[in-house]
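For reference, the structure discussed in these notes is given below.
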Amino acid sequence: MLGKYLWKLRQVLKEIWVRVLAYGAVAVLAAMVSPRLAPYVPQNLRFEPGDGAVEQVLQIIASSMLAVTTFSLSIAVQAYSAAATSATPRATALLQQDTTTQNVLSTFLGAFLFSLMGIIGLEAGLYGDDGKFVLFVSTILVVGAIILALLRWITHLINFGRMSDTLARVEQATTDALLARLDDPFLGATPRRGAIPPEARALYPDQVGYVQHIDIAGLQKLADSLELQIWVAETPGSFVHPDMPLMYVSGPRLEDDQEADLRHGLTIGAERSFDQDPRFGLVVLSEIASRALSPAVNDPGTAIDVISRQARVLSLWTPKDPEVPPSPRIHMPPIAGEDLIDDSFHALARDGAAFVEVQIRLHQALNALAATNADEFSQPAEALAALAMTRATGAGMCDEDLSRLHRHARLARRE
């Protein structure tokens, strides 16, 4: 299951501690290697730093960078908390994976470690005159890196963690996941359009959670070796438990260890992931809109913004069946347009029933999607538009607003 381990590796590489550790290791290595580089410096480029100059600069960096790192980390944590409070906790993972924040914090901590190792080396007498020169040059480079990081950090903090920034990150993550599925709508498997054969045997998961990743290539290798046909029952994002079939197999009887290998092809975790699950991003956007419409927040403008973003993302959805699937023994169901519409707008139709401006934008988005992609969205969009109108009628909206809503809904359909 190489694909599964590569996916897990990518998830680990997104963690902030990996970048911090890498920067710290490079900083420590630079301080330790400086004495060994001294003999390779040309004589005409050498100069003798002032007495104690290198140590003074390193002392300044060591004393300031630890405070700056701590302060910057507290700012990042406050931004994560603000995003969880104002938007949704599901969006904080995207902020935690922000590369600018990770690079800045890693630079500050790396500079602190570099200065600390340099001071230790000077006090231990590890640097001769040539070594001090190399250390001085390295220190100047570190100071330059610190200045660039500070400039990037100041610019980044203007928008980091704000509602507009959080919405843009969720929309981008959803768009990336959707486009990835468009390139490979069935993740390399064969499209499953009909019913699962009755002779196929169900295989159940051994834990409770969400399907985060499916290693189709790994399952195909197992299916080839065991002469199986596999029908995946639950796609990424599905909630599963030991009484819910995870997949169906037909072919020879399997041993317990073989069934365990098949289960190992699907990664189940406590939370949903954006990678193979474009529907999750739509759910997160919908959660942000629902919170904005709550009486405590009362921000219909954010809900309208979310509707526009969801419509923009869904307008990209034009899936096509692969001509020659690379994994013919693995069968996977498609992502239904009905599910995409439901994930995006069903909660909005309920929570925004009393807001005429939200309902108008909702009907405009639904009618636009039905017009631009009738095969996928026409029927579910019309059904949800009818439900939204029913909810708006029963939400206490005044007659004038209802008439306005009906008028805009008709205009949107004609457009």
Review point. How large is the helix-only mean residue ellipticity at 222 nm for the chain, computed as the sum of -39500 (n - 2.57) over DSSP H runs with n ≥ 4, divided by its residue count, in deg cm²/dmol to the nearest 500?
Key: -21500 deg cm²/dmol
Review point. In debye, nearest 20: dipole of region 186-269 around its Cα centre with unit charges on the Cβ of K, R (+) and D, E (-)?
Key: 380 debye
Check your understanding: With each pseudo-label sitting 7 Å past Cα toward Cβ, what's the E357-T390 distance in nm, one decimal?
Key -> 2.8 nm
**Study point:** Residue among G265, G251, G209 with the largest mean-square fluctuation in a Gaussian network model of the chain, springs linking Cα atoms under 10 Å
**Key:** G251
Check your understanding: Looking at the square roots a ≥ b ≥ c of the eigenvalues of the Cα gyration tensor of region 186-269, which shape do they give, rounded for a/c under 1.5, prolate if a/b is larger than b/c, or oblate?
Key -> rounded
Check your understanding: What accessible area per residue comes out for the chain, rounded to a whole number of Å², with a 1.4 Å probe?
Key -> 50 Å²
**Study point:** Candidate residues V358, V137: accessible-area rank, largest first, probe 1.4 Å
**Key:** V137, V358
Check your understanding: Where does the charge balance sit around V283 when Lys and Arg score +1, Asp and Glu -1, over other residues with C-beta under 11 Å from its C-beta?
Key -> -2
Point to revise | Per-pair calculated FRET efficiency, R0 = 60 Å: V33 and A180 via Cβ, rounded to 0.05 | key: 0.90
Exercise for review: Check every DSSP H run in the chain and write down those whose alpha carbon atoms cover 27 angstrom or more along the long axis and whose mean Kyte-Doolittle hydropathy is 1.0 or greater.
Suggested key: 16-37, 53-86, 99-123, 129-157
Revision key, fill the gap. For the chain, the percent of accessible surface on carbon and sulfur atoms (probe 1.4 angstrom, ligands and nucleic acids excluded) is 57 percent
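The values are calculated or read from the model by the stated rules, or taken from the named source; none is laboratory data. All values derive from a computational prediction rather than experimental measurement. Note: ideal-geometry Cβ built from the backbone for every residue, glycine included; neighbour counts use all protein chains shown. When the accessible area is computed, the model is the full protein with side chains, heavy atoms only, and any ligands, DNA or RNA have been set aside. Shrake-Rupley method; radii C 1.70, N 1.55, O 1.52, S 1.80 Å.
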